[in-house]
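The values are calculated or read from the model by the stated rules, or taken from the named source; none is laboratory data. Keep in mind it's a predicted model, so treat the numbers as computed, not measured. Cβ atoms come from the backbone with ideal geometry, glycine included; neighbour counts cover every protein chain shown. Surface areas here come from the heavy atoms of the whole protein model, side chains and all, with no ligands, DNA or RNA. Shrake-Rupley method; radii C 1.70, N 1.55, O 1.52, S 1.80 Å.
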Amino acid sequence: MKTIWDNVTLKEFPRLDSNLSADVLVIGGGICGILCAHMLAQTGKKVILVEKDRLSQQRTHKTTAVATSLQDLYYSDIEKHFGLKVAQQFYEINQLAIEEYQKLSNHYDFDYQEVSTFKYFSDKQKYLNEQNTLKKINCEFKAHDTWNNSQFSAIEFPHQCQFHPLMLIQNLIEGLEIYEHTPIIKLNNGIAYTPKNKIYARHIIVCTGYPFLRFRGLFFTKLTQSKSYVMAIETSKKYPSAIGENSSDLYFRNYHELLLLGGNDQKTGHPSDGYAPLEKYLKENNLPTPSCQWINQDTCSADGLPYIGKYGHFQNVYVATGFNLWGMTGSMISALIIKDDIFNKSNQYAKLFSPKRKTPLLKLLQNIKTATLNLLKFKKRCTHLGCALYFNDKEQCYECPCHGSKYDLNGKVIYNPGEHDKK
Ligand SMILES: Cc1cc2nc3c(=O)[nH]c(=O)nc-3n(C[C@H](O)[C@H](O)[C@H](O)COP(=O)(O)OP(=O)(O)OC[C@H]3O[C@@H](n4cnc5c(N)ncnc54)[C@H](O)[C@@H]3O)c2cc1C
């Protein structure tokens with residue numbers, strides 16, 4: 001699927017055709033895997049990255065690449081469910097991630113822009129509650145009771161950033177040892193298996209979007225996927241980088257002369273009116289037909305925080321997933337935390353993201369209910385855990401309502417955790 005980032009073509013890497021060994025093996029060549037590999041290679045570790053297809057052609061290829069601490073998750077909700085300290089830590093580590101992007105921008109040219117990001121509200125109470133928590137955690141923000149000549153109020157976070165994700169990746173892969181078309185199909189402590197070869201590694205990091213082993217870490221009980229629709233529209237008008245108070249609201253950012261308009265986020269595998277709300281916005285605002293449009297999806301955790309840390313009961317295997325459509329900061333946070341763990345350095349934020357934390361009971365029950373109902377249906381089945389697939393006639397694809405695998409009409413996996421193409 002075409003996106004505006006296709007003006008960069010990443011160089012190609014060979015397929016692995018022998019056994020290898022390394023200090024660190026990174027599995028998955030999206031932004032998360034590449035940041036982990038880059039950061040660890042800089043410490044002098046021997047790092048190998050393997051990617052089952054081509055680098056960064058999945059979630060990362062279709063992102064909008066805004067790195068901000070102002071996300072869909074409310075700080076007031078984090079305070080309510082986890083306490084003020086967690087809200088403060090979530091803010092701090094996201095800010096650290098943005099500083100890391102800023103440092104990268106000093107070294108590399110990747111269309112990096114420092115911007116303010118905004119969250120716009122029609123619900124006054126939500127707007128006030130959020131400010132309340134933000135003040136308590138000493139967050140740097142501005143509140144706009146009226147915003148942008150609209151009926152909305154907004155919260156602004158200054159000094160955030162947005163960039164061209166593939167231009168960044170093009171820089172970071174220079175000098176890394178990478179193998180493409182090299183899927184990992186099995187893991188043991190210290191050994192990863194491709195269909196023909198073995199890779200021996202002291203540490204293994206799984207950055208495959210949805211973790212690729214079926215049962216390890218019980219991710220099938222706590223990880224779903226949500227999709228979102230994006231259009232690129234030529235306009236000379238400058239838009240602020242903004243999201244709405246609900247995760248399904250429209251979001252905006254500029255890239256040169258283009259407006260990236262996105263929204264209508266919803267769980268993969270369920271009926272959707274697709275681009276309709278975006279098309280309505282174009283019509284109401286006299287904007288031209290988009291020069292390109294695309295759909296993307298991401299893994300979503302049960303409690304809104306990513307899962308970063310040890311993978312199941314493996315000893316030296318890590319996982320980074322559940323970015324809830326905020327994987328620019330999520331991936332950078334993963335690289336920082338996992339690097340520290342590999343160097344036995346304690347990281348005060350690691351506990352926050354531990355994959356072993358408790359899953360909220362209600363979410364767990366909802367996920368189990370969806371899976372049970374779908375296992376009972378007589379339909380084409382997902383190659384992950386056998387849920388009945390939903391045929392999305394608008395997008396002409398099959399989607400799994402349980403864990404979000406997506407297949408094209410020929411049965412080819414577009415998004416994992418579907419494990420192999422359907423016949
Ligand atoms: C429409 C949309 C807009 C978004 N915009 C933003 C944004 O503005 N800011 C933000 O912070 N986040 C955003 N996100 C989220 C962000 O794009 C993702 O969180 C991020 O790209 C995830 O990167 P990743 O490396 O984890 O996954 P991926 O990019 O999917 O990479 C995983 C890689 O692993 C490979 N792989 C899978 N299985 C195996 C295997 N067994 N062996 C080897 N390789 C394997 C895959 O082929 C893939 O290349 C957005 C998401 C959507 C849906």
Largest-first ordering by accessible area, 1.4 Å probe, given options R381, R253: R381, R253
Pick from Q225, Q95, Q42: which residue has the top mean-square fluctuation in a GNM of the chain where Cα pairs under 10 Å get a spring? Q42
Relative contact order, percent, of the chain when contacts are C-alpha pairs under 8 Å separated by at least 6 residues? 19 percent
What translational diffusion coefficient, in µm²/s and rounded to a whole number, does the Stokes-Einstein relation yield for the chain at 10 °C and a viscosity of 1.306 mPa s, taking the hydrodynamic radius as the Kirkwood radius over Cα pairs? 72 µm²/s
Area of T63 that stays accessible when all protein chains are in place (1.4 Å probe, Å², to 10): 20 Å²
Is the C-alpha gyration tensor of segment 280-374 telling us rounded, prolate or oblate? Criteria: a/c under 1.5 is rounded; beyond that, a/b larger than b/c is prolate, otherwise oblate. oblate
Check: segment 361-415 dipole with +1 on Lys, Arg Cβ and -1 on Asp, Glu Cβ, in debye: 180 debye
For segment 361-415, rounded, prolate or oblate, judged on the Cα gyration tensor with a ≥ b ≥ c (square roots of eigenvalues), a/c < 1.5 rounded, else prolate if a/b > b/c? prolate
Cα-based reach from K222 at 22 Å (exclusive), listing lysines while leaving out same-chain residues under 8 positions away: K80, K186, K267, K310, K351, K356, K358, K363, K369, K377, K406
C-alpha center-to-center spacing [segment 110-167, segment 342-376] in angstrom: 28 Å
Quickly estimate the mean residue ellipticity at 222 nm for the chain, helices only: each DSSP H run with n ≥ 4 gives -39500 (n - 2.57), and the total goes over all residues, rounded to 500. -8000 deg cm²/dmol
Using alpha carbon centroids, what distance separates segment 306-320 and segment 202-262, in Å? 22 Å
Cα centroid distance between segment 38-84 and segment 180-196, in Å? 23 Å
Once ligands and nucleic acids are excluded and a 1.4 Å probe is used, how much of L250 is accessible, expressed in Å² to the nearest 10? 30 Å²
Which percent of the accessible area of the chain is formed by carbon and sulfur heavy atoms (probe 1.4 angstrom)? 51 percent
Difference of contour (0.36 nm per residue) and Cα-Cα distance, Q348 to R202: 50.2 nm
Could you size up the charge dipole of the chain around its Cα centre, putting +1 on the beta carbon of Lys and Arg and -1 on that of Asp and Glu, and report it in debye to the nearest 20? 1740 debye
Counting only chymotrypsin sites (Phe, Trp or Tyr not before Pro) that are in a DSSP loop and have at most 12 other C-beta atoms within 10 Å, tell me the longest site-free stretch of the chain. 1-214
Which three extents, in whole angstrom, do the alpha-carbon atoms of segment 187-323 cover along their principal axes, largest first? 57, 29, 26
At 1.4 Å probe size, what's the solvent-accessible area of D393? Round to the nearest 10 Å². 100 Å²
Using alpha-carbon positions, the gyration tensor of segment 2-45 gives root eigenvalues a ≥ b ≥ c; with a/c under 1.5 called rounded, otherwise prolate if a/b exceeds b/c, else oblate, the class is oblate
The summed charge of the S291 Cβ neighbourhood (under 13 Å; Lys/Arg +1, Asp/Glu -1) stands at -2
So between D340 and N410, what do we pick up on full extension, going 0.36 nm a residue minus the alpha carbon distance? 20.9 nm
Under a point spin-label approximation (7 Å from Cα along Cα-to-Cβ), what is the D77-R214 distance to one decimal in nm? 3.2 nm
Net charge near K85, counting Lys/Arg +1 and Asp/Glu -1 over other residues with Cβ under 15 Å of its Cβ? +1
Which of the GluC sites (Glu not before Pro) found in segment 72-146 are in a DSSP loop and have at most 16 neighbouring Cβ atoms, other than their own, within 10 Å? E140
Result for the chain: accessible area per residue, probe 1.4 angstrom, in square angstrom, of 44 Å²
Theoretical gain in end-to-end length, N189 to N171 [0.36 nm per residue, Cα-Cα removed]: 3.3 nm
Extent along principal axes [Cα atoms of segment 224-300; Å; largest to smallest]: 37, 21, 20
